[in-house]
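Everything on this sheet refers to the single structure shown next.
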Amino acid sequence: MIKNNLSLENLESLLPDDLTQQQKAKAKTLFYKEMALKAHRFYNGKMQTLPKAPVPGFNWFNAWYTPGVSNISTTIRDDNDTSFELSNRGNLVAVVSDSTRVLGDGDCTPPGGMGVMEGKAFLMKYLGGVDGIAICVDSRNEKGENDPDKIIEFVKMLQHSFGAINLEDISQPNCYKVLDVLREECQIPVWHDDAQGTACVTLGGLINALKLVDKKIEDVKIVYYGAGASNATIARIINSYGADPAKAIMFDSKGSLNKGRSDIENDKRFYRKWELCQVTNPDNIDTMEEAMKDADVLISMSKPGPDVVKPSWIEAMADKSIVFVCANPVPEIYPYAAKEAGAYIVATGRGDFPNQVNNSVGFPGILKGALMVRASKITDNMAIAAANSIARFSEKRGINIENIIATMDESEVFPFEAADVAMQAIEDGVARKELTWQQAYDWAAADIKNARESTQCLFEKGLIEQPPESVINEALQNAINKVKS
């Protein structure tokens, strides 16, 4: 069925003609889930550790290890910053999670997050030329509660082996405290990709979408559906960029955010949500039906669909409406249904639909930029610089309503973004190392090229096995059978 096309570029054409649009979308989701399980079992995961230095002869072991390596230890002892150039620390990221909110699947137990964390490490290396290690921890205390202080203490102990920390899939409200404390108390960048990463890429997509509909960010009415770490940070970053918070309305599972939400005010753990309560929705609009009237933008980061966002909500929006429905693995409404309801531009978090607004186009370049200048933190200005960089790169190569933002297979976006982030780190005074934009770009581009060509070389030489056709064929057939049944 898939024979001689392991790239899967013709997947759509392999689905039966008698399937509806919704069935085809569901079949693709099921296929990727089925294939992921079979492929991960075949490869036993997707990451490994390989030397980056040669062994031309036996005596080289004496340099790479004892006795020669003691000189490395004492040099670093006398100047800790030399660890960034005498070890792999300067290009190494810990992907840390307690697996309490893995994609749309909730608490998956500590080891349950390994698939996603390895996936982050995979993308860091292949797209950003950055080494990553997946670390899933048990954050439960003696009462069985997930304790943010345990993650904070763990990361503070861990930081001396890494150049940056990527937090991932930590449930709210713990994620707010973990990020904010670690950003201030660690000596290296601590980045929460679910929050800051999603925010910068969403802003990048929104910048270009607004250009296409000829609207200014300070003028548009924005409705946020979902008030988790992602959307709360998206709103904060978009407001920092210039949106008017008084024109914004955000909803969580209990209703709209506003100054009357004493439940949020009284729970100090949700301080980020309370900040938004005080600056958004001044008219105390309390239903989505009312909020969506004449809204220019919907940004939904809620729960997997496809029937979470109603077509009638979109029908009520302003002319040339922009709809971001980014729940994974299934968007809150399928793009074709949103378009039928009147949406002008539709984006999702999925790569098999147009306009993928996904942090995968952000974090590899952002982390690379921070690492190259040995930044002590990633500021909000750096996240906004990344958003502008993605938008600018995308516009330069051409944008339209079905293509508002670069995708992760456009390798040139990552060194461009890394260089812009590095320059912003220098401007913000958080860089330990000075580089020019061109030096940063060339460095990032060379590392990314090396990572991609190394992977391809291992594949071509058979050191990474080719996946059996049966893995893909069985996954596709199982998906079709489930949809038809």
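The values are calculated or read from the model by the stated rules, or taken from the named source; none is laboratory data. Everything quoted here is computed from the prediction, not taken from an experiment. Counting neighbours? That spans all protein chains shown, and the Cβs are built from the backbone with ideal geometry, glycine included.
The table for this structure:
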{"item": "Any chance residue 409 is over 15 Å from residue 325 (Cα atoms), of a type in the set (D, E, K, R) and outside any helix (DSSP H, G or I)", "result": "yes"}
{"item": "Given (1) closer than 20 Å to residue 267 by Cα; (2) in a strand (DSSP E or B); (3) not assigned by TED's automatic domain parsing to the domain that holds residue 308, number of the condition residue 251 does not satisfy", "result": "(3)"}
{"item": "Checklist (1) modelled with pLDDT of 95 or more; (2) in a loop (DSSP other than H, G, I, E, B) applied to residue 385, failing item", "result": "(2)"}
{"item": "Residue 257 being over 23 Å from residue 196 (Cα atoms), within 26 Å of the chain's Cα centre (by Cα) and not assigned by TED's automatic domain parsing to the domain that holds residue 180", "result": "no"}
{"item": "Among residues of region 370-381, those that are assigned to a helix (DSSP H, G or I) and either free of Cβ contacts under 8 Å to residues at least 12 places away in the same chain or in contact with an Asp or Glu (Cβ under 7 Å, 6 or more places away or on another chain) (or both), counted", "result": "1"}
{"item": "Of the criteria (1) in contact with a Lys or Arg (Cβ under 8 Å, 6 or more places away or on another chain); (2) crowded, with 20+ Cβ neighbours inside 10 Å, which one residue 474 fails", "result": "(2)"}
{"item": "Region 423-457: number of residues that are among the small types (Gly, Ala, Ser), within 19 Å of residue 377 (Cα to Cα) and surrounded by fewer than 18 Cβ atoms within 10 Å (Cβ to Cβ)", "result": "1"}
{"item": "Matching helices (runs of 4 or more DSSP H) fully within region 14-83 where at least 3 residues are of a type in the set (Phe, Trp, Tyr) and touching a helix residue (DSSP H, G or I) at 6+ places or on another chain (Cβ under 9 Å)", "result": "21-43"}
{"item": "Set 453, 402: member being out of contact with any helix residue (DSSP H, G or I) (no Cβ under 8 Å at 6 or more places or on another chain), at negative phi, in contact (Cβ under 8 Å) with a residue 24 or more places away in the chain and of a type in the set (D, E, K, R)", "result": "402"}
{"item": "Qualifying positions in region 165-202 - modelled with pLDDT of 95 or more, polar (S, T, N, Q) and within 15 Å of residue 301 (Cβ to Cβ)", "result": "202"}
{"item": "Identity of the residue in region 248-278, within 16 Å of residue 172 (Cβ to Cβ) and hydroxyl-bearing (Ser, Thr, Tyr), that ends up surrounded by the most Cβ atoms within 10 Å (Cβ to Cβ)", "result": "271"}
{"item": "Qualifying residue in region 114-123 (condition: without any contact (Cβ under 8 Å) to a residue 60 or more places away in the chain, under 30 Å from residue 457 (Cα atoms), buried (at least 18 other Cβ atoms within 10 Å of the Cβ) and of a type in the set (A, V, I, L, M))", "result": "yes"}
{"item": "Selection within region 84-113 - among the aliphatic types (A, V, I, L, M) and either surrounded by 19 or more Cβ atoms within 10 Å (Cβ to Cβ) or part of a loop (DSSP other than H, G, I, E, B) (or both)", "result": "93, 94, 95, 96, 102, 103"}
{"item": "When residues of region 338-374 are limited to those that are over 20 Å from residue 201 (Cα atoms) and out of contact with any helix residue (DSSP H, G or I) (no Cβ under 6 Å at 6 or more places or on another chain), the one surrounded by the fewest Cβ atoms within 10 Å (Cβ to Cβ)", "result": "340"}
{"item": "In region 450-471, residue nearest to residue 25 (Cα to Cα) [restricted to those that are of a type in the set (Val, Ile, Thr) and in contact with a Lys or Arg (Cβ under 9 Å, 6 or more places away or on another chain)]", "result": "471"}
{"item": "Within region 178-193, tally of residues that are of a type outside the set (Asp, Glu), in a helix (DSSP H, G or I) and crowded, with 21+ Cβ neighbours inside 10 Å", "result": "3"}
{"item": "Unmet requirement for residue 216, which otherwise passes all of (1) part of a helix (DSSP H, G or I); (2) free of Cβ contacts under 8 Å to residues at least 12 places away in the same chain; (3) basic (Lys, Arg)", "result": "(1)"}
{"item": "Top-ranked residue of region 64-83 - restricted to ones that are among the small types (Gly, Ala, Ser) and within 37 Å of the chain's Cα centre (by Cα), ranked as surrounded by the fewest Cβ atoms within 10 Å (Cβ to Cβ)", "result": "73"}
{"item": "Residues within region 155-177 that are part of a loop (DSSP other than H, G, I, E, B) and in contact with a strand residue (DSSP E or B) (Cβ under 8 Å, 6 or more places away or on another chain), tallied", "result": "6"}
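Conditions tested, residue by residue: (1) touching a strand residue (DSSP E or B) at 6+ places or on another chain (Cβ under 8 Å); (2) assigned by TED's automatic domain parsing to the domain that holds residue 274; (3) within 27 Å of residue 308 (Cα to Cα).
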position: 179; (1), (2), (3): yes, no, no
position: 184; (1), (2), (3): no, no, no
position: 205; (1), (2), (3): yes, yes, yes
position: 208; (1), (2), (3): no, yes, yes
position: 213; (1), (2), (3): yes, yes, yes
position: 225; (1), (2), (3): yes, yes, yes
position: 234; (1), (2), (3): yes, yes, yes
